[in-house]
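The values are calculated or read from the model by the stated rules, or taken from the named source; none is laboratory data. Please read these numbers as outputs of a predicted model, since none were measured by experiment. Methodologically, a virtual Cβ is constructed for each residue, glycine included, from the backbone with ideal geometry; neighbour enumeration extends over all protein chains shown. These area figures cover heavy atoms from the full protein model, side chains too; ligands, DNA and RNA do not enter into them. Shrake-Rupley method; radii C 1.70, N 1.55, O 1.52, S 1.80 Å.
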Amino acid sequence: MEKIATLKSSKIDTIGIIERKCESMISPKCGNVNFYLLWKNKGRTFIQKINKCETESIKIDSTNYFFTFYYENKQKIEQEELKMYKTEDSGFSMTDHYCESIITFFENDNKLNKTINSYLLEIGEEKNINFKFNNNLKIVELDKNTRKLLKRLFN
C-alpha cells in the first residue's frame, strides 16, 4: 500500500491496518471490504478509512486505544490463535456467511498479522465448544473495541 510507504518515509514506525470484509451473496456498491489505516505520530493516533469508492478524511483517536491496548497485551496477542468451531461430538461446523478482520501491526521492520473470523466467535445451534476460549482472547477484545471506536468515528 502506497500510503504505508509514505508514512514510513516520514519516519512513522508505528502503523496498523484493519481490513474488514464480509462474505455474502449481496455486495454493496462500495464492496465488502473496508481498510482502516492507523498510525501514531507525536503521541497521537490517526485513522483513515479507505474502500473501493472513497478515502475518508483522517480522524484522530484521542484515546490512543488501538496502539495502547496492543502494546499492553503484545506478548499475548503475538501468541494467540483462534480455535476452529468445534461441536461436542468432535464434529466441525461450517457457514457460508461470515465477517473477518485482518489486523496487521507494523513496528519498525517487523510485521504481525492476525485474522479474526466472526464465525469462530459464535456459539451457534451446534454448540461451539471453543466459543468461550475464542471470545476471551486479547486480539478479539482489541477487535471488538476497535470496531466500536471506528463506528463512532466514521458513522
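Is one or more of the residues making up segment 85-105 under 23 Å from LYS3 (Cα atoms), touching a Ser or Thr at 6+ places or on another chain (Cβ under 9 Å) and polar (S, T, N, Q)? The answer is yes; a qualifying residue exists. Each residue in segment 127-148 was checked for being modelled with pLDDT under 95 and aliphatic (A, V, I, L, M), and 1 of them qualify. Summed over segment 32-52, the residues that are on the phi > 0 side of the Ramachandran plot and open to solvent by 50 Å² or more (accessible area, probe 1.4 Å) give a count of 1. Just one of the listed residues (PHE131, PHE106, PHE154) is more than 14 Å from GLU80 (Cα to Cα), surrounded by 13 or more Cβ atoms within 10 Å (Cβ to Cβ) and without any contact (Cβ under 8 Å) to a residue 12 or more places away in the chain, and it is PHE131. Restricting attention to segment 134-151, the residues that are surrounded by 14 or more Cβ atoms within 10 Å (Cβ to Cβ) and over 16 Å from THR115 (Cα atoms) total 2.
Taking the condition β-branched (Val, Ile, Thr), under 20 Å from GLU23 (Cβ atoms) and under 18 Å from the mean Cα position of the chain (by Cα), does ILE47 pass? In short, no.
The strands (runs of 3 or more DSSP E) found wholly in segment 1-82 and carrying at least 2 residues that are closer than 30 Å to ASN130 by Cβ and aliphatic (A, V, I, L, M) occupy 14-23, 33-41.
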